[in-house]
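Each reported figure results from applying straightforward, stated rules to the coordinates on display, with no laboratory input. Because the structure is predicted, anything quoted here is derived from the model rather than measured. Glycine also receives a Cβ, built like all others from the backbone with ideal geometry; neighbour counts cover every protein chain displayed.
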Amino acid sequence: MLYFDKTFIADKIKYRRKKLGLTQSELAEKIGISEKHLSKIETGKNYPSLDNFFKIAEVLELSFSDFGISSSSTITPAQNNLIKKILCTDDATIKIYTKAIAFADEIYNNK
């Protein structure tokens, strides 16, 4: 389950940033946004864009499970990277990925 609550996301980001000893300015610079924008994310006024969410999570070393995404099995780093690619791409590329996965499934299941 993914928590879409702005306060939940804001608190996780702010807590982890402080735990790592980063200022808002330092984190904002690392992910390529303004300090003002990061402040709005950390106060729960704005959601981060999906791209910025992944950048923040990477810099702060946060996993999907830290944000309430659970799975019956552990998500591997390779799966995590694939999920990021899928979520951060355009519709045309999603169609290509879908066709490639369908083709791979067909080959795998016809062995």
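Laid out as a table, the results:
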| item | result |
| --- | --- |
| For the range 62-68, Karplus couplings with θ = phi - 60° (6.51, -1.76, 1.60), whole Hz, Gly/Pro x | 9, 9, 4, 5, 5, 9, x |
| Length-normalised contact order of the chain in % [C-alpha pairs under 8 Å, at least 6 apart] | 30 |
| Spatially proximal aspartates and glutamates relative to Lys18 (Cα-Cα < 16 Å; intrachain offsets below 8 disregarded) | Glu26, Glu29, Glu35, Glu42, Glu58, Glu61, Asp66 |
| FRET efficiency, Tyr97 to Thr23 (Cβ-Cβ, R0 41 Å, nearest 0.05) | 0.60 |
| With at most 15 other Cβ atoms within 10 Å, longest stretch of the chain clear of loop chymotrypsin sites (Phe, Trp or Tyr not before Pro) (DSSP) | 5-111 |
| Largest to smallest principal axis extent of the C-alpha atoms in the chain, angstrom | 54, 30, 22 |
| Given charges at beta-carbon only (K, R positive; D, E negative), |dipole| of the range 22-111 in Debye | 200 |
| Estimated 222 nm signal from helices in the chain, with DSSP H stretches of n ≥ 4 weighted -39500 (n - 2.57), rounded to 500 | -19500 deg cm²/dmol |
| Shape call, the range 71-111: gyration tensor on alpha carbons, a/c limit 1.5 | oblate |
| Which of Ser39, Ile86, Ala102, positive extreme of dipole for the chain (C-beta unit charges) | Ser39 |
